[in-house]
Structure formats: C-alpha cells, structure tokens
Amino acid sequence: MCQYYAHVFTCKHVSLTFARFCPSASMIQTRCGERQIWQTIRMAESCEECKDGGGGGSGGGGDNGGWIEDGSGRSVGHAADTTTGCRK
C-alpha cells in the first residue's frame, strides 16, 4: 500500500496527499490502488472550500458531505470510509 498524509481540518474535511510509494510500486514509480495513512496531520483551520463559503464551516461536512480528496481535487472516499483509515 502506498502511503499518504491525511490532513484533518477543523471543519471535519479530510484531504490525502501522496507521501511515498510502497515497495512494489516504487520500481515502476506508479501509485498502487491501495492507500495507507502514514501520518495524520491535524490542521488548525477550515479547508479552503469551507473558508471560501462553499462548505459547512465548523458545522462539519460541508457541501461535499465530508468527502476525502487526494490532493489533486478528486474525491476518493467518504471521511467515514474505513478503507482509508480516516474518520469524520
């Protein structure tokens, strides 16, 4: 499983940022399909979407219902999804 940083914001949104390849993916420099949270980083503020008024602020969830983004803006799963290791 390739490893990712999970950024947990005060608005309860979570974003994933690629950290490093797993041993099998490192040879071909292509991310495998499985994600493992390497480090969880608690942020002291709301995500950009909630700051811009597009989300629910500190109410949690926002317009995207707590979806996790992979750093490229693509949603990859719900914050309560146990396959990512992150919870709302």
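The values are calculated or read from the model by the stated rules, or taken from the named source; none is laboratory data. Only a predicted model underlies this, so the values are computations on that prediction, with no experimental measurement involved. As a convention, Cβ positions derive from the backbone with ideal geometry for all residues, glycine included, and neighbour counts pool all protein chains shown.
Thr82 meets each of the listed conditions (1) on the phi < 0 side of the Ramachandran plot; (2) at pLDDT 50 or above apart from (2). Applying a threshold of 8 Å to beta carbon distances and a minimum spacing of six or more residues, or different chains, the list of pairs starting in segment 33-56 at a residue that is within 14 Å of Ala19 (Cβ to Cβ) and ending at one that is of a type in the set (D, E, K, R) and at pLDDT 90 or above reads Trp38/Arg20.
Results for (1) surrounded by 12 or more Cβ atoms within 10 Å (Cβ to Cβ); (2) assigned to a strand (DSSP E or B); (3) modelled with pLDDT under 95, shown as yes or no for each residue.
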{"site": "Cys11", "(1), (2), (3)": "yes, no, yes"}
{"site": "Thr17", "(1), (2), (3)": "yes, yes, yes"}
{"site": "Thr30", "(1), (2), (3)": "no, no, yes"}
{"site": "Trp38", "(1), (2), (3)": "yes, yes, yes"}
{"site": "Ile41", "(1), (2), (3)": "no, yes, yes"}
{"site": "Gly54", "(1), (2), (3)": "yes, no, yes"}
{"site": "Gly61", "(1), (2), (3)": "yes, no, yes"}
{"site": "Gly71", "(1), (2), (3)": "yes, no, yes"}
{"site": "Gly77", "(1), (2), (3)": "yes, yes, yes"}
